[in-house]
Amino acid sequence: MRKLYSLVFSMILVMGLAFNSIAQKSSDTAEKLTTGKWVNHEDGYIPNPVGNSDITVKRYKIFEFKSDKTFIMDSVKQRFTGKWKAEGENVIMTFNPQTVTHLQKNIDPNSNSNSYLTTSEILNLGSRIAKVDGEFLRFANSSLDCENNSGAVVGLMNFYEFTGFANVTGGNLLMVLIGLFFIFLAIKYDYEPLLLIPIGMGVIIGNIPMFQAVDFNLKLGIYEPGSVMNILYSGVVSGWYPPLIFLGIGAMTDFSSLISNPRLMILGAAAQIGIFVTFLGALWLGFAPPEAGAIGIIGGADGPTAIFLSSKLANGMNVMANGETVKNLIGPIAIAAYSYMALVPVIQPPIINLLTTKKERKIKMKPPRAVSRLEKIIFPIIGLLLTAFISPTALPLLGMLFFGNLLKESTVTNRLADTASNALINTITILLGVTVGASTQADVFLTKDSILIFGLGAASFIVATAGGVIFGKIMNWLSPKDRPINPMIGAAGVSAVPDSARVVQTMGLQNDPTNHLLMHAMAPNVSGVIGSAVAAGILLSFLM
């Protein structure tokens, strides 16, 4: 019996010592857990709020264990809570159910573009078991392992994660260089500084690296609903910046040269061939018809029209008959259109020299006749009625263009004309340039489609210039000897007002210092603005 008592006592003693050891280890584990914070930097997350990225990046996941047996897990800025208990060196974490909001791209064109389509889900992560191993918290899945750090160090890590240094990509740096190049061209060579400087700064702004993660909206980036840049960008996406630009253009434009020699309007129409040739080329390269139509308008060399049409056809929201959603090509199309507008003095002269002889470049045209005030007043009204009846879908552009011109020519609304041609158009130009530039966020802009669009844009601009010059040659052959036409003015049929007309003027003076072609070139130049808007309306009618 004494031996039995001794055996029972020994077993109780061993069990007591064992329980004491386990309790001591649990106590040590609890003390270790509640000291500092535990950080994981191995797990991968999608660096995009709506989760449509092909890559994942490392983000900090932070555990904080509290003495009241509760814990917090910050996972890509989603906070989960739960309770924990220590069993020796093991930690059992039981997560509380957490309501998680998922962000999805809102593709309804009739809804507010400044919001995500949100869905909620109750996420239950269940229980997880980890083991405290020195300075590490080990999980069954090694990619979840955490390292112990002080609160101050974790705070610095969290700060670093939000800096541009932690989020920068090669694409961001490339786009910043492109933005600097635009600014350089504008300042050094005076290439469309009113456009390239806002666009260049916009490119830099749009490519400042920032923290992005699935189902997380910091409201900073241009594609993050609710951000200041996104709200300003709605003027591009919704297509209401371009009509306001056209209002200002109308208030600044003198249509006298076109009114005095209306046959030159044909040259403005002929230059639009670049739009339809590019449309066919885009179809051949595999773009959907609406996308091809938006790309084709680059050939008109008219930035506002390109933005207007792409906001309607290639906005990333419209659903085609086959159920597919069109691509969002507004950024590449707008940048291509404005880039080629700025490069008019570089692109057009070689084409003009190639297609004309020196004798043709020296042709002097008969001075335009004087135009009466009544003709100037009637023109925007008649012009609106004719063009809008042909292409009603271009009414937002044509209506504002001719309205602005009537404000100017009526001479009784000088205050309104002055506002439209100065303060208003300058304000909209700033907002348009910056937001279009910012839309070139590297992960959205640097794609195969963008490269194809720039190639098609160059081809369309060349074809448009060549089409105008060739038709100018034909008109010259058919014109009376006393009313010749210098074929060079056909190049001004593209909508880059007034740069393409200035190119013709410069080349005319280079070949003959007494040959002033500016006023003659302005006729096809301003008709090109009208022609590109009409062409956009025609494409919109067929493809919308």
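The values are calculated or read from the model by the stated rules, or taken from the named source; none is laboratory data. In this text, all values refer to a predicted model and were calculated from it rather than measured experimentally. Heads up, the Cβs are rebuilt from the backbone with ideal geometry, glycines too, and the neighbour counts pull from every protein chain shown. Note: accessible area is taken over every heavy atom of the protein model, side chains too, but ligands, DNA and RNA are not part of it. Shrake-Rupley method; radii C 1.70, N 1.55, O 1.52, S 1.80 Å.
Numerical summary
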read-out	value
Relative intensity, log₁₀ I(q)/I(0), of region 466-515 from a Debye sum that treats every alpha carbon as a point, q = 0.23, 0.27, 0.29 Å⁻¹	-0.86, -1.02, -1.06
The chain - percent of accessible surface contributed by carbon and sulfur, probe 1.4 Å	65 percent
Between region 260-311 and region 461-524, the Cα center-to-center distance that results, in Å	20 Å
Cα long-axis angle, helix 151-161 against the chain (0 to 90 degrees, to the nearest 10)	20 degrees
Degrees, to the nearest 10: 228-237 long Cα axis against longest axis of the chain	40 degrees
Square roots of five times the Cα gyration tensor eigenvalues for region 151-273, Å	43, 18, 12
Hull volume in cubic angstrom per residue (convex hull over the Cα atoms of region 158-203)	66 Å³
Rg to Rh, two decimals, where the chain supplies the alpha carbon set and Rh follows Kirkwood	1.22
Theoretical FRET efficiency, 1/(1+(r/R0)^6), r = Cβ-Cβ of I129 and D43, R0 22 Å, to 0.05	0.80
Region 380-452 pair-distance distribution - Cα-Cα, 10 Å bins, rounded %	17, 29, 27, 20, 7, 0
Over region 396-490, equivalent-ellipsoid semi-axes from the Cα gyration tensor in Å	33, 30, 9
Proximal charge balance of L232 [Cβ under 15 Å; K/R count +1, D/E count -1]	0
Separation between Cα centres of region 402-436 and region 85-104, rounded to whole Å	59 Å
Sorted peptide list for 364-374, 175-185, criterion being average Cβ within 10 angstrom, highest first	175-185, 364-374
Orientation-averaged projected area, Cα convex hull of region 82-202 (nm²)	13.5 nm²
All-pairs alpha carbon distance profile, region 494-544, 5 Å steps from 0, percent	5, 22, 20, 16, 13, 9, 7, 4, 3, 1
Region 335-387 versus region 218-239: alpha-carbon centroid distance in Å	36 Å
The chain - mean residue ellipticity at 222 nm from DSSP helices (-39,500 (n - 2.57) per run, n ≥ 4, rounded to 500)	-17500 deg cm²/dmol
Whole-Å semi-axes of region 454-544's equivalent ellipsoid (Cα gyration tensor)	26, 15, 12
Protection proxy ranking, peptides 319-325, 199-205, average beta carbon neighbours within 10 Å, highest first	199-205, 319-325
Whole-number Å³ per residue for the convex hull built on Cα positions in region 307-360	116 Å³
